[in-house]
1. Here is a check on your reading of the model: is residue 89 more than 20 Å from the chain's Cα centre (by Cα) and surrounded by fewer than 18 Cβ atoms within 10 Å (Cβ to Cβ)?
2. Between 232, 225, 220, 215, which is surrounded by fewer than 19 Cβ atoms within 10 Å (Cβ to Cβ), in contact (Cβ under 8 Å) with a residue 40 or more places away in the chain, closer than 21 Å to residue 143 by Cβ and touching a helix residue (DSSP H, G or I) at 6+ places or on another chain (Cβ under 8 Å)?
3. With 150, 191 as the choices, which residue is under 17 Å from residue 109 (Cβ atoms) and in contact (Cβ under 8 Å) with a residue 12 or more places away in the chain?
4. Using the structure shown, decide if residue 121 is free of Cβ contacts under 8 Å to residues at least 40 places away in the same chain and surrounded by fewer than 21 Cβ atoms within 10 Å (Cβ to Cβ).
5. Of the residues in the stretch 35-59, how many are under 19 Å from residue 25 (Cα atoms) and touching a strand residue (DSSP E or B) at 6+ places or on another chain (Cβ under 8 Å)?
6. Confirm whether residue 144 is at pLDDT 95 or above, touching a strand residue (DSSP E or B) at 6+ places or on another chain (Cβ under 8 Å) and surrounded by fewer than 20 Cβ atoms within 10 Å (Cβ to Cβ).
7. Does residue 127 qualify as being within 26 Å of residue 154 (Cα to Cα) and touching a helix residue (DSSP H, G or I) at 6+ places or on another chain (Cβ under 6 Å)?
């Protein structure tokens, strides 16, 4: 199993030094970073140099989570071109790390406008983003969302969008926490989108909100998820998207996910 963890742009150089211990022990084989467009030029440089250092030192895989949130709503019919430009700058930023995976949130739906219109719009947006990503040999991955006021809520909607874009570098990333809050199960997402599943975000919650908890602190059945992942021969990254403060917590998170994997294979864990 190849494991990954997220590093947000507010992490310090000292934090990065602590992460090196995890990579040196081969506990994790990849990191998922963010485009720090909203930081000062100086802090952007610090983040960039820290990522560059551990990429060069450990030759790990680097995944990029493209900008998200209300200010990055690709469903905004008026300002989407400005947001596309920001996404493309994010690709330029992460191209320095030989990134091949780009995590993407599609944006919020205006419920006064037919959902079909949003899908028609996002198909055009994704074609532009995927074509830009192709020059770097990157893949854009649609992430499933927890609420129905966001595009990419149901597995069937995501499949429809991917089919309509019809480009080979448009994939799917499953967020276990998002799925558990939605009306669709993690298993349903995997079954419907197994041919496009290219990355995983792991976190736990109690089904009410996306809490980014450690595995075992919510009520998601991760053993069932791993059984399904083995069934489809998933062999991409398993990324921990759990709230943490120190690197030592990430060691424990790695053990959590390994236990679920072992139990899913019906092997006794000691």
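The values are calculated or read from the model by the stated rules, or taken from the named source; none is laboratory data. Predicted model, so just to flag it, every value in this text is computed and none were measured. Counting neighbours? That spans all protein chains shown, and the Cβs are built from the backbone with ideal geometry, glycine included.
1. Numbers: more than 20 Å from the chain's Cα centre (by Cα): no; surrounded by fewer than 18 Cβ atoms within 10 Å (Cβ to Cβ): yes.
When the stated conditions are applied, residue 89 does not pass them.
2. Working: 225 fails: surrounded by fewer than 19 Cβ atoms within 10 Å (Cβ to Cβ); 220 fails: surrounded by fewer than 19 Cβ atoms within 10 Å (Cβ to Cβ); 215 fails: surrounded by fewer than 19 Cβ atoms within 10 Å (Cβ to Cβ).
The match here is 232.
3. Result of the check over 150, 191: 150.
4. Numbers: free of Cβ contacts under 8 Å to residues at least 40 places away in the same chain: no; surrounded by fewer than 21 Cβ atoms within 10 Å (Cβ to Cβ): yes.
For residue 121, the condition - free of Cβ contacts under 8 Å to residues at least 40 places away in the same chain and surrounded by fewer than 21 Cβ atoms within 10 Å (Cβ to Cβ) - is not met.
5. Number of matching residues: 3.
6. Working: at pLDDT 95 or above: yes; touching a strand residue (DSSP E or B) at 6+ places or on another chain (Cβ under 8 Å): yes; surrounded by fewer than 20 Cβ atoms within 10 Å (Cβ to Cβ): no.
For residue 144, the condition - at pLDDT 95 or above, touching a strand residue (DSSP E or B) at 6+ places or on another chain (Cβ under 8 Å) and surrounded by fewer than 20 Cβ atoms within 10 Å (Cβ to Cβ) - is not met.
7. Numbers: within 26 Å of residue 154 (Cα to Cα): yes; touching a helix residue (DSSP H, G or I) at 6+ places or on another chain (Cβ under 6 Å): yes.
Yes: the conditions hold for residue 127.
Yes/no per residue for (1) modelled with pLDDT under 95; (2) part of a strand (DSSP E or B); (3) farther than 22 Å from residue 198 by Cα; (4) out of contact with any strand residue (DSSP E or B) (no Cβ under 8 Å at 6 or more places or on another chain):
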{"position": "88", "(1), (2), (3), (4)": "no, no, no, yes"}
{"position": "92", "(1), (2), (3), (4)": "no, no, no, yes"}
{"position": "96", "(1), (2), (3), (4)": "no, no, no, yes"}
{"position": "106", "(1), (2), (3), (4)": "no, no, no, no"}
{"position": "120", "(1), (2), (3), (4)": "no, no, yes, yes"}
{"position": "131", "(1), (2), (3), (4)": "no, no, no, yes"}
